[in-house]
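Here's the structure we're looking at; comments come further down.
The values are calculated or read from the model by the stated rules, or taken from the named source; none is laboratory data. Note that this is a predicted model, so its numbers are computed, not measured. Glycine gets a Cβ as well: all are built from the backbone with ideal geometry, and neighbour counts include every protein chain shown. What goes into the accessible areas is simple: the full protein's heavy atoms, side chains included, and nothing from ligands, DNA or RNA. Shrake-Rupley method; radii C 1.70, N 1.55, O 1.52, S 1.80 Å.
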Amino acid sequence: MNTRQEETPGQVLDRKLHALAAPYTGSLSPVSLGLAWADWAWHLAVSPGRQIELVGRATELGGNTLRCALGKGSCELPDGDADEDPRFRHGDWAQFPFNVLRQGFRAQEQFWHEAASVPGMSAHHAQMTQFFARQWLGLLTPANWLPTNPVVLKDAVESGGAHLLQGLRKAVQDLAGAPTPIVDFQIGRDVAATPGRVLMRNQLVELLCYEPQTAQVHPEPILIVPSWIMKYYILDLSPHNSLVRWLVAQGHRVYMLSWRNPGAEDAELSLDDYLQSGVIDALRAIGRHGKAPLHLMGYCLGGTLAAIAAAALAGGQLDGAGLPALASLSLLAAQTDFSEPGELGLFIDESQVGFLDAITREQGYLSGEQMAGSFQFLHSRDLVWTRRMREYLMGESEQRSDLMAWNADTTRLPARMHHEYLTALYLRNALAIGRFRVQGRPISLSHLQLPLFLVGTERDHVSPWRSVYQLHRLCEAEATFVLAAGGHNAGIVSEPGHAHRHYRIARREPHAPWLPPENWSAQADLREGSWWPAWQAWLAERSSPPRRAKPLPASELGAAPGQYVMQR
């Protein structure tokens, strides 16, 4: 493992100063934010016509609010319905004076949506200024405050202030930093409970192998590569919604990678280490127990790594000796083209990546709390303000779920790997343009010729489905694409029988011409229910007939879920 170039004394000083400032800037680069603001301010300053237009727009919207307050006009925006915003759905918001507050707030939203972008700004800076305008308004909304929220006021009166007191206790606990334990879901008992064994363990991963639950199984096993941003058991939650347990029950032999939670001593682990010690070592271990071809599946960042491994093996950048052949590649909510990365792209530019590099070099890793804070910031309306309003002002407690327990079980990312991941994939989009290197040699996704099964989700803000779909453009292999209802996590954890689920599906023949994602969506079949059975049928079609199930290989490393998933 090659280490990064040694820092000069000046670079060390800069890194320590940047890391010292990070807690006060929310780990956001002040230079990046300042450049976005300056881009907006300078372009607005030299655009008197735009200024006049915005003054006129503000006057119009302000006049509408005033007429609403005086009872001489409608208290709805001309092009909006109050029910579109969940914060204002309750009928009490239609009563005076709360309808005026709602009208004024929504007028501010509409004004700043137009004012936060000025012609001439870079697209990245325009997205940033619009985003931070939404964040500021999300804080100031009348729904967040006791005197201006009719639902909260009514609840306070009906409860005799008891709910306010409960919320105050919760707020004091949070300010004191008291953790909220999630004790309802125990790893190995309630979640990550599918029976199996640890087949292999190295310094980075454990390879889990699950016990057959049917008399016959398909000879071709499935290797699942989860993201190492979180714990693997997103795919092995409770028994009723565990993808692993469901696959095993359908007659598949399933292997799973469980990543070790790195510490400061692992700061120099690289993306290549994750490839070699993760995917390749697991393939080699499976190959020692059977020569049947293997179905490779990856989720989120694990899917990106699986695509890298498959392309490098197909192109000869990795030696496939001793490894099972790949029968297919399935990528769930996994990007290979990062040119349109969604809202995460707001935080990714040269300044921000350099600032994060200083933070992670100083502590050796990016913490789970820092990652969680970024996702909460992206969706602060639902994950911060609305949640805190209900907890602090109405005394409500969220009902804990297995998905919430998993989401709270955070991991760390090694400093070097995190920097390489952001730089190579997000900043340079090296994988899509054929410049991503494995062992010093560039790889190309065009070398992928095996059958592909790709899954995107309709409301994914981490891996937008149109970005996931771009692999159609980067290789000419047979590809089946599924667009599932839900978001990045809930759209994948979509077991049969789950209510309100649907998906679209279509298959592209090898070497077929490029079809833009909008055209694909218009002609794909719409089906009700879970997409899991469609994927399982696809795997079965590309597998040999089931044979008598063999017992798991002997192992002295213990039972699943293993040791690494327990690390905090």
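Below, the figures for the structure above:
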item: Three-way shape call for the range 375-430 based on the alpha-carbon gyration tensor, with the a/c threshold at 1.5; result: prolate
item: Acute angle (nearest 10 degrees) that the helix 162-175 long axis makes with the longest principal axis of the chain, alpha-carbon atoms; result: 60
item: Estimated distance in nm for a label pair at Ser339 and Gln5, the labels positioned 7 Å out from Cα along Cα-to-Cβ; result: 3.0
item: The range 464-510 - percent relative contact order, Cα under 8 Å, separation 6 or more; result: 46
item: Principal-axis tilt of helix 30-45 within the chain, Cα atoms, nearest 10 degrees; result: 50
item: Inter-label distance for Leu70 and Arg459, nm, one decimal - labels placed 7 Å from Cα along Cα-to-Cβ; result: 4.1
item: Shape category assigned to the range 264-307 from the gyration tensor of Cα positions, a/c cut at 1.5; result: oblate
item: Those GluC sites (Glu not before Pro) in the range 393-495 that DSSP places in a loop and that have at most 14 other beta carbons within 10 Å; result: Glu398
item: Counting DSSP beta bridges with both ends in the range 289-415, the antiparallel % (nearest 5); result: 25
item: Solution diffusion estimate, µm²/s, Stokes-Einstein, the chain, Kirkwood Rh from C-alpha pairs, 37 °C, viscosity 0.692 mPa s; result: 126
item: Average accessible area per residue (Å²) across the range 335-494 - probe 1.4 Å, nucleic acids and ligands excluded; result: 38
item: Amide proton proximity set for Val438, modelled H, under 5 Å, gap of 5+; result: Ile443
item: Antiparallel bridges, percent of DSSP beta bridges restricted to the chain (to nearest 5); result: 55
item: Residue list for the range 117-137, given a label point 7 angstrom along the Cα-to-Cβ vector of Leu427 and an amide N cut-off under 17 Å; result: 124-125
item: Residue-span extension gain [Ala325 to Gln449] - 0.36 nm each, minus C-alpha spacing; result: 43.4 nm
item: Low-density loop cleavage sites - GluC sites (Glu not before Pro) in the range 484-568, where at most 15 other Cβ are within 10 Å (DSSP); result: Glu556
item: Calculated P(r) tail over 29 Å for the range 97-248, as whole % of Cα pairs; result: 57
item: Rounded if a/c under 1.5, otherwise prolate or oblate - the range 470-567, Cα gyration tensor axes; result: prolate
item: Solvent-accessible ranking of Lys291, Lys16, Lys170, largest area first, probe 1.4 Å; result: Lys291, Lys16, Lys170
item: Glu528/Val172 FRET efficiency (R0 45 Å; Cβ-Cβ; nearest 0.05); result: 0.45
item: Value at 222 nm in deg cm²/dmol, rounded to 500, when DSSP H runs of n ≥ 4 in the chain each add -39,500 (n - 2.57); result: -11000 deg cm²/dmol
item: Label-point separation, Ile52 to Arg435 (7 Å along Cα→Cβ), nm; result: 4.5
item: Helix 350-363 axis, angle to the chain major axis (alpha carbon atoms, nearest 10°); result: 70
item: Solvent-accessible area, 1.4 Å probe, carbon plus sulfur percent, for the range 293-446; result: 48
item: Segment Thr214-Glu265, length gained on full extension (0.36 nm per residue, minus Cα span); result: 14.1 nm
item: Förster-model FRET efficiency, 25 Å R0, Leu165 and Gln399, C-beta, rounded to 0.05; result: 0.75
item: Relative contact order of the range 119-253, pairs being alpha-carbon contacts under 8 Å that are 6 or more residues apart, as %; result: 19
